[in-house]
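What follows is a set of notes on a single structure, which appears directly below.
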Amino acid sequence: MHTRIPPPIVTFFFLAINYLVNLIFPQFKYSTNILIGFLLILLGMSILIYAAKEFKKVQTTINPMSPDKASYLVTSGPFNISRNPMYLGMVFIILGSGISFGALLTPIFIVSFMIYITVFQIIPEEKVMSQKFTEWSDYSKKTRRWL
């Protein structure tokens, strides 16, 4: 596997950069920024927890650094909609945080995060899954990578 940085660390990095850049660049402020941001963060956390429960249900590894240790291809729950609901949850957390900060550059960080995670995490994971599980081909054809 090519990745060396765990996705939660990558997420925190993007959150921190988004916050720090927000201190330099102009902000957008509305009375609902914090509420909308909080709801999006809550949605992201809910997606992450729901996906993690699906892994626990089938007793397979949740460790994104060791996809080769997966014993089961999870396709239920949020995995019916996205092949990567945990990373999608992280996107919602970054989006919600950016809206809470009033950070105008949040879309740039979201796109950058998605590109980074796709190249350095998702593609290597998918390579392992395609070699490990015969049902991967059908699953990847019917379920989108992100949404």
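The values are calculated or read from the model by the stated rules, or taken from the named source; none is laboratory data. Note that this is a predicted model, so its numbers are computed, not measured. Don't worry about glycine lacking a Cβ; one is built from the backbone with ideal geometry, like all the others, and counts go over all protein chains shown. Each accessible area value is taken on the protein alone, full model and side chains, heavy atoms only, with ligands, DNA and RNA left out. Shrake-Rupley method; radii C 1.70, N 1.55, O 1.52, S 1.80 Å.
Please go through the stretch 118-140 and pick out each residue that is in a helix (DSSP H, G or I) and open to solvent by 70 Å² or more (accessible area, probe 1.4 Å).
VAL119, PHE120, ILE123, LYS127, GLN131, LYS132, ASP138
Here is a yes/no grid of residues against (1) modelled with pLDDT of 95 or more; (2) of a type outside the set (Phe, Trp, Tyr); (3) more than 13 Å from PRO7 (Cα to Cα); (4) in contact with a strand residue (DSSP E or B) (Cβ under 7 Å, 6 or more places away or on another chain):
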position: LYS69; (1), (2), (3), (4): no, yes, yes, no
position: SER76; (1), (2), (3), (4): yes, yes, yes, no
position: PHE79; (1), (2), (3), (4): yes, no, yes, no
position: LEU95; (1), (2), (3), (4): yes, yes, yes, no
position: ALA103; (1), (2), (3), (4): no, yes, yes, yes
position: PHE113; (1), (2), (3), (4): yes, no, no, no
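Give the number of residues within the stretch 96-111 that are in a helix (DSSP H, G or I) and either among the charged types (D, E, K, R) or open to solvent by 50 Å² or more (accessible area, probe 1.4 Å) (or both). Please lay out each step first, then the result.
Taking the stretch 96-111 first, the residues in a helix (DSSP H, G or I) are 96-101, 106-111.
With the extra rule that they be either among the charged types (D, E, K, R) or open to solvent by 50 Å² or more (accessible area, probe 1.4 Å) (or both), the set shrinks to 101, 107-108, 111.
The qualifying residues number 4.
Output the residue which, of all residues in the stretch 52-67 that are in a helix (DSSP H, G or I) and out of contact with any Ser or Thr (no Cβ under 9 Å at 6 or more places or on another chain), is least open to solvent (accessible area, probe 1.4 Å). Before you say what the answer is, go through the steps one by one.
First, the residues of the stretch 52-67 that are in a helix (DSSP H, G or I): 52-57, 67.
Next, from what is left, pick out any that are out of contact with any Ser or Thr (no Cβ under 9 Å at 6 or more places or on another chain): 52-53, 56.
Numbers: ALA52: 31, LYS53: 128, LYS56: 160 Å².
Step by step, filter the stretch 52-67, then rank; the result is ALA52.
Scanning the stretch 5-27 for residues that are at pLDDT below 90 and under 11 Å from SER100 (Cβ atoms), which turns out most open to solvent (accessible area, probe 1.4 Å)?
Among them, the one singled out is GLN27.
Are any residues in the stretch 69-82 out of contact with any Asp or Glu (no Cβ under 8 Å at 6 or more places or on another chain), touching a residue at least 60 places away in the same chain (Cβ under 8 Å) and under 15 Å from LYS127 (Cα atoms), and if so, which ones? So that I can check it myself, show each step before the final result.
Within the stretch 69-82, the first condition is being out of contact with any Asp or Glu (no Cβ under 8 Å at 6 or more places or on another chain), and the residues that meet it are 69-72, 80-82.
Next cut, touching a residue at least 60 places away in the same chain (Cβ under 8 Å) only: 70, 80-82.
Within the stretch 69-82, just ALA70 meets the criteria.
Do you know which of the residues in the stretch 28-51 that are surrounded by 14 or more Cβ atoms within 10 Å (Cβ to Cβ) and not aliphatic (A, V, I, L, M) is nearest to ARG83 (Cα to Cα)? Working first, answer last.
Step one: list which residues in the stretch 28-51 are surrounded by 14 or more Cβ atoms within 10 Å (Cβ to Cβ), which gives 33-34, 36-41, 43-45, 47-48, 50-51.
Still in the running and not aliphatic (A, V, I, L, M): 33, 37-38, 44, 50.
Details: ASN33: 30, GLY37: 25, PHE38: 25, GLY44: 15, TYR50: 13 Å.
Filtering first and then ranking leaves TYR50.
Looking at the stretch 48-88 only, could you name the residues that are aliphatic (A, V, I, L, M) and closer than 14 Å to PRO8 by Cα?
Keep residues of the stretch 48-88 that are aliphatic (A, V, I, L, M), which gives 48-49, 51-52, 58, 62, 65, 70, 73-74, 81, 86, 88.
Residues satisfying the conditions are LEU48, ILE49, ALA52, ILE62, MET65, MET86, LEU88.
Does the stretch 78-93 include one or more residues that are more than 14 Å from the chain's Cα centre (by Cα), open to solvent by less than 50 Å² (accessible area, probe 1.4 Å) and among the small types (Gly, Ala, Ser)? Can you show your working first?
Of the stretch 78-93, the ones more than 14 Å from the chain's Cα centre (by Cα) are 80.
If we keep only those that are open to solvent by less than 50 Å² (accessible area, probe 1.4 Å) too, we end up with none.
No, because not a single residue in the stretch 78-93 is more than 14 Å from the chain's Cα centre (by Cα), open to solvent by less than 50 Å² (accessible area, probe 1.4 Å) and among the small types (Gly, Ala, Ser).
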